[in-house]
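Data block below; observations after.
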Amino acid sequence: MTDQQVITLQVDQAARERLDRFIATQRPDLSRTAVQRLIDDGFITRNDLPCKASDKIGQGDVIVVRIPPPALTELIAENIPLVIVYEDLDLVVIDKPAGLVVHPAAGHDRGTLVNAVLGHVPDLGSAGGIGGEVRPGIVHRLDKDTSGLIVVAKHDRALQFLQAQFKARTVKKMYLALVDGIVEPRAGIIDAPIGRSKNDRKKMAVLPEGRSARTRYRVRAIYRDPDLSLVEAYPETGRTHQIRVHFAWLKHPLVGDETYGRPHPRVPLERHFLHAAALTLTLLSGETRTFTAKLPGDLQSVLDQLTALEK
């Protein structure tokens, strides 16, 4: 088994920054969520003492981060049909259906996108994880009930190459979202920090102390009776539930989003209307490609029943 990785960080200048934020800034390979998990599990110390994620660091502090080897989890390949949009020796781009969880988790180790991809690429397990997790090849994620494009790396070099693009924000994503009400202005940028909700830890919220979050948008069509807007959303950051939280904050929650809004009385839909419709990234060959995925039947049927007044 691989030995745990030990990282020592020293605070060289006066600061009152949160401990978890400082570590995530110093180590881009560790997300803030991963850092918080390591702190909770006792793998991080500050000046040789236990610490909390919210601790404020100071000049001269010595922080030791111990990253355990990935947990040995037996991942099972399953014959789950996949819609392959593109594939080469390095990666596969998949049009994920709504209802499919991306990766296995405790108590949910079957029937996921990872299980399906393992059935398609048997040696995918060589692409590993960090921070005690094993999520073979997963570069980014989509919520269970969000459909559309997701890219999976086939080996470690591809995983690191793609992760670097997401970190540098050179990957371009476009989502289609149907939201409640008429969005004004018809194009703009939602710039509002997002963090864990103080009232419900399972939800995210716009919070002053949250992480920076930006979503560009453009209204593609508006509908009357009921008043709805079909929006193209271009997230410039990758916060959890970002598009859903941002539009709910604008008082335009996504149609069908029961977490951040409510079921729409006039639009029968069993999930939120959000689809990852376009993805632009650079392949390991150096070629930049844009991939697209049409709206799935359940979302397209909703639009077919509405009458667009403006395009």
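Scanning the stretch 128-175 for residues that are β-branched (Val, Ile, Thr), modelled with pLDDT of 90 or more and not in a strand (DSSP E or B) gives Thr146, Thr170, Val171. For Arg244, the criteria (1) more than 28 Å from Gln165 (Cβ to Cβ); (2) part of a helix (DSSP H, G or I) hold in every case but one, which is (1). Here the stretch 184-225 is the region considered, the condition is being among the small types (Gly, Ala, Ser) and assigned to a strand (DSSP E or B), and the residue that is farthest from Arg18 (Cα to Cα) is Ala221.
The condition of being surrounded by fewer than 17 Cβ atoms within 10 Å (Cβ to Cβ) and not assigned by TED's automatic domain parsing to the domain that holds Gln160 holds for Gln26. Inside the stretch 12-54, residues that are of a type in the set (A, V, I, L, M, F, W, C), assigned to a loop (DSSP other than H, G, I, E, B) and at pLDDT 90 or above make up a count of 3.
The values are calculated or read from the model by the stated rules, or taken from the named source; none is laboratory data. Model, not experiment: these values are computed from the prediction. When we count neighbours, we look across all protein chains shown, and the Cβ atoms used for this are built from the backbone with ideal geometry, even at glycine.
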